[in-house]
1. What is the spin-label model distance, in nm, from Thr27 to Asp58 if the labels are put 7 Å beyond Cα along the C-beta direction?
2. Charges at C-beta only: +1 for Lys and Arg, -1 for Asp and Glu. How large is the resulting dipole of region 2-132 about its Cα centre, in Debye rounded to 20?
3. From the list (1) 14.1, 43; (2) 13.1, 35; (3) 15.6, 47, can you say which value of Rg and Dmax of the Cα atoms in Å was derived from the structure given?
4. Which loop trypsin sites (Lys or Arg not before Pro) in region 70-133, with loop taken from DSSP, have no more than 13 other Cβ atoms within 10 angstrom of their Cβ?
5. Starting from the Cα-Cα distance between Gln38 and Asp117, subtract it from 0.36 nm times their residue separation and give me the gain in nm to one decimal.
6. Add -39500 (n - 2.57) for each DSSP H run of 4 or more in the chain, then divide by its residues: what number comes out at 222 nm, to the nearest 500 deg cm²/dmol?
7. Distance in nm between label sites at Val132 and Cys69, each 7 Å beyond Cα in the beta-carbon direction?
8. Packing-wise, with mean Cβ within 10 Å as the measure, how do 32-38, 15-21, 101-107 rank, highest first?
Amino acid sequence: MSLDLALDLLKTPGSRFAVVGASADSTKYGNVIFRWFQRRNLTVFPVNPRGGQVEGVDVRATLVTCPECIDMAVFVTPPEASLKVLAGVPKGAVRCLWFQEGSYNQAVLEAARAVCDHVVHGNCIMVVGNRVI
């Protein structure tokens, strides 16, 4: 089950995460979620085509430009942006895709399932994650 894999990744040392839609604005969820990963000493990369830095970390333009393979990508982008990001992800490049509320619609979920076998939606990574780490 996809949620089980996602929870296992959160607990597994060395797992690598990306926040798609990461933001330097500390009031936006892209920043809040990024900091949530950092506070737990998890390896996390900010992804946003606008570039820049988030909490002192260089932003990557796409998932495939992250310096390491990503185990789980958390999306905090509008559905249209999520679709654009997914279009550049090769099948199997990411083990699990997690979509925060508002980041997906049916088209996004279909595109996600075409590139990844494990897709989670309808849950907040921070709420669920706080139960396991």
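1. Going from the Thr27 label point to the Asp58 one covers 3.0 nm.
2. 180
3. (2)
4. Filter output for region 70-133: Lys91.
5. So the extension gain works out to 25.8 nm.
6. The helix-only estimate for the chain comes to -10500 deg cm²/dmol at 222 nm.
7. It is 1.9 nm.
8. Put in order of decreasing packing, that is 15-21, 32-38, 101-107.
Where a number appears in this text, it was derived from the coordinates with a stated rule and is not lab data. Everything numeric in this text was worked out from a predicted model, so none of it was measured. Backbone-built Cβ (ideal geometry, glycine too); neighbour counts: all protein chains shown.
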